1. Loop only per DSSP, at most 12 neighbouring Cβ atoms within 10 Å: give me the GluC sites (Glu not before Pro) in region 11-60, ordered by residue number.
2. Mind running the shape call on region 124-252? Use the C-alpha gyration tensor, a ≥ b ≥ c as the square roots of the eigenvalues: rounded below 1.5 for a/c, prolate if a/b tops b/c, oblate otherwise.
3. What are the trypsin sites (Lys or Arg not before Pro) within region 213-273 that DSSP puts in a loop, where the Cβ has at most 12 other Cβ atoms within 10 Å?
4. Can you pull the accessible area of His202 for me, 1.4 Å probe, Å² to the nearest 10?
5. Can you tell me the accessible area per residue over region 150-290, all protein chains present, probe 1.4 angstrom, in square angstrom?
6. State whether region 1-75 is rounded, prolate or oblate according to the following rule on the C-alpha gyration tensor (a ≥ b ≥ c being the square roots of its eigenvalues): a/c under 1.5 gives rounded; otherwise a/b larger than b/c gives prolate, and the remaining case gives oblate.
7. Report in % the part of the accessible area of region 122-261 that belongs to carbon and sulfur, leaving out ligands and nucleic acids; probe 1.4 Å.
8. Across 10 Å bins from 0, what is the distribution of all Cα-Cα pair distances for region 193-258, in whole percents?
Amino acid sequence: MAEKRDYYEVLGVPKGASDDEVKKAFRKLAVKYHPDKEGGDEAKFKEINEAYEVLKDKQKRQRYDQFGHAGVGGAAGGAGGGNPFGGFGGQNVQFDFGEGGFGDLGDILGGMFGFGGGRRGGKNSGRGRDIQTDVTLSFEESIFGTEEKISLSLDEKCAHCKGTGAEPGFDLTECPTCKGTGQEVRVVSTLFGAIQQAQTCHTCHGRGKVPDKACVVCGGKGIVREKQEIKVKIPAGVDEGSAIRLADRGEAVQGGEKGDLYVLIHVKPHKKFTREGDLILSEETISMIDAALGTELEVDTVDGPLTMKVPAGTQSGTDFKLSGHGAPRPRSGARGPQIVTVNVETPKNLNRRQKELLQEFKSGKKHGIFK
């Protein structure tokens, strides 16, 4: 993978550029390289957009200035934000724990919303419905992965007739309605006259064959409704909106292939942490004295508490990077950092003596606790 260019270089602005200068530079370059424009460049347009998404945001820009690309999750994620697995956000997600090999977002959208999905086909080869179900994880489960059990009622191939619709010992014969074509033609009267219209045969449902004797269990349908418990392995690092495709675990259809099961991931909010791509973000508060003198601070991470050194003179809003305590990156599995923002608490309700000491410090007198 090519190394990312500096975001200021991408937009052609200096590091100290104002928000207005950043915005003007972005607009100029976006117009020049927009992919819908003749001579546009989609790759450059995405790079420009990614840079702008970071530099226009005060907090992201501060982290980028301090830590580089690692401070913004390695990538801004474009306008979609930092979800490494994409979900339905436009990236090419490839999760598939079934037997059918890897799928992609085109399969997901095609199956769920009625377009694409050309991996199956053939004469009268119906395909069962794709099913979507939702799973809600804790923040920690989304970081480390887990296994979930899902209970669903699905159409399954009838075990008694093995999906043929015929009672065992009886054959399938040519459909008398469509003569084996799987389609029947109707003549429809319209304003423009009689029009022939082909549609799926109502007798054989497109198979071209019917059983000599219908299965006593499924009534000739070849499928039965069954309650199932499905185990789903949730990989480490999934984020809100991620989708996992389980090939051939959707609903069955007579004489065709099963649909797929899509598991849509939701993540419960955490009281301490938020997430941005492979970054985990948190905040800690220290006293004015500790900020001035420096201190050691116990910090919560998803891996447990650890001690972080806060140097003397730390200003409120300073970010500290804890490498390897963020979320796993897709594909590589390497974990990003945790960014800890340290806020300095200004004391309230000071007593008389405390006010005097602060006044002495303000005046430059070397007395009291500041001596």
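The values are calculated or read from the model by the stated rules, or taken from the named source; none is laboratory data. No experiment lies behind these values; they were computed from the predicted model shown. Here the Cβ is made from the backbone with ideal geometry for all residues, glycine too, and neighbour counts use every protein chain on show. Accessible surface areas use protein heavy atoms only, side chains included; no ligands, DNA or RNA. Shrake-Rupley method; radii C 1.70, N 1.55, O 1.52, S 1.80 Å.
1. Details: sites: Glu21, Glu38, Glu42, Glu47, Glu50, Glu53; in loops: Glu38.
Sites meeting the loop and neighbour criteria: Glu38.
2. Numbers: a/c = 4.31, a/b = 1.80, b/c = 2.39.
Oblate shape, in that a/c is at least 1.5 and b/c is the bigger or equal ratio.
3. Numbers: sites: Lys213, Lys221, Arg225, Lys227, Lys231, Lys233, Arg245, Arg249, Lys258, Lys271, Lys272; in loops: Lys213, Lys221, Arg249, Lys258, Lys271, Lys272.
Sites meeting the loop and neighbour criteria: Lys271.
4. Number for this one is 120 Å².
5. Working: 7530 Å² over 141 residues.
Roughly 53 Å² per residue, with all protein chains present.
6. Numbers: a/c = 2.39, a/b = 1.42, b/c = 1.68.
Oblate.
7. Details: 3710 of 7670 Å².
After summing per-atom areas, the C and S share lands at 48 percent.
8. Bins of 10 Å from zero give 14, 31, 23, 18, 12, 2, 0 percent of pairs.
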